[in-house]
1. Count charges around Lys61 for me, please; just the other residues with Cβ under 15 Å from its Cβ, Lys/Arg as +1, Asp/Glu as -1.
2. What's the angle, to the nearest 10 degrees (0 to 90), between helix 282-295's Cα axis and the longest principal axis of the chain?
3. For the chain, find the longest principal axis of its Cα atoms and tell me its angle to the long axis of helix 32-45, 0 to 90°, nearest 10.
4. What does the net charge come to around Ile299 if you take all other residues with beta carbon closer than 10 Å to its beta carbon, with K and R at +1 and D and E at -1?
5. Quick one: which residues, 5+ away or cross-chain, put their amide H under 5 Å from the amide H of Leu205? H built at 1.01 Å from N.
6. What percent antiparallel are the DSSP beta bridges of the chain, to the nearest 5?
7. Please turn the phi angles of region 107-123 into ³J(HN,Hα) values with the Karplus equation 6.51 cos²θ - 1.76 cosθ + 1.60 (θ = phi - 60°), one per residue in order, whole Hz, x for glycine and proline.
8. What residues qualify as long-range amide H neighbours of Leu164, i.e. H under 5 Å apart, gap of 5 or more or another chain, H built at 1.01 Å from N?
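Please treat every number below as a calculation from the coordinates, not as lab data. Remember, predicted model here, so these are calculated numbers, not experimental data. Glycine also receives a Cβ, built like all others from the backbone with ideal geometry; neighbour counts cover every protein chain displayed.
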Amino acid sequence: EWTPASFVHETVASLKQQIGNRKVIMALSGGVDSTVAATLIHKAIGKNLFGIFVDNGLLRKDEFQQVLDTYNTIGLNVTGVDAREHFYTKLAGKSNPEEKRKIIGGTFIEVFDREAHKIEGVELLGQGTIYPDVIESVSVHGPSVTIKSHHNVGGLPDTMKLELVEPLRYLFKDEVRRVGAELGIPADLLNRHPFPGPGLAIRILGEVTEEKVDLLQRADAIFINGLKEHGLYDKVWQAGAILLPVQSVGVMGDERTYEFTLALRAVTSVDGMTADWAHLPYEFLAHISNEIINKVRGINRVVYDISSKPPATIEWE
Ligand code: XMP
């Protein structure tokens, strides 16, 4: 019978067998899969696992530091890399969604590959691949931190020639969460909503700038924290705010404003393939809208997305 405890026991033993005293490098994202996979590998080989967590400047507010703190608590050997400026520079002037995705994927590989070269004698690459990624039926995009060959335009980076270590290859998401709980990973990390690899870049319609990221981070944090405070976070599958390239007229005191519009998106779903807009209480939406408009200068209008998938997608880009 499959139990999280027996899975941990057997997997750690076979990881020790596979890896021996060789070094493993791994990209971490703060997501469930990469964290659980890394914790298993760490349990097997300790400091010979070298985790890399890249701040691409497109994460949620304060997320980089919070996730690094969690990794420290778990005891993982992780290097945080601040690559924000690098990503912003590459994204400057780009507004096509697919082009933005390609730039982010390519820049990530570049940064990761550079970090990999700083560690001498790495032979293996850890990945948080889970069964649905293997059969490619659930997630159309794959996990945010799986380094897929289609991300590479022109030649394989050196890290892709490494031997793969994929301890979650035969697990489904709920099993990954149970294994994570067995390993003592904090529940708030295990129960996090999915978050796309390109991050806030695909929630800023059009060109991404540092200023827009800052605006969206502050508005998004009010929404997400509000969901948690009102006991709604665990009732939705995914939620976030989207910064629209639309400015409209408003009034503040006796001043006329001309600022951005923010859309709130929250959905219920089983696997992300289809989704319904979440019927959040009007009182909650009113409260969040007030908070955002009062606290985030630069946004003077908030709308709620009531489209389901299909035909709409969860993300706006
Ligand atoms: P859509 O917008 O296609 O999103 O309904 C379905 C799920 O996939 C996530 N998503 C992505 N994840 N890279 C990712 O790692 C991407 O480019 C990407 N685009 C969408 C989205 O957040 C949702 O969970």
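1. Values: positive: Arg60, Arg84, Arg192, Arg203, Lys212, Arg218, Lys228, Lys295; negative: Asp55, Asp62, Glu63, Asp69, Glu210, Glu211, Asp214, Asp220, Glu291.
Net local charge, Lys61 excluded: -1.
2. Roughly 90 degrees between the two axes.
3. Value to nearest ten degrees: 30.
4. Details: positive: Arg218, Lys295, Arg297, Arg301; negative: Glu259.
My count for the surroundings of Ile299 gives +3.
5. For Leu205, whose amide H was placed from the backbone, the distant partners under 5 Å are Leu243.
6. 40 percent
7. Those phi angles translate into 5, 4, 4, 4, 5, 5, 4, 5, 5, 4, 5, 7, 9, 6, x, 6, 10 Hz.
8. The list, which skips near neighbours in sequence, is Leu125.
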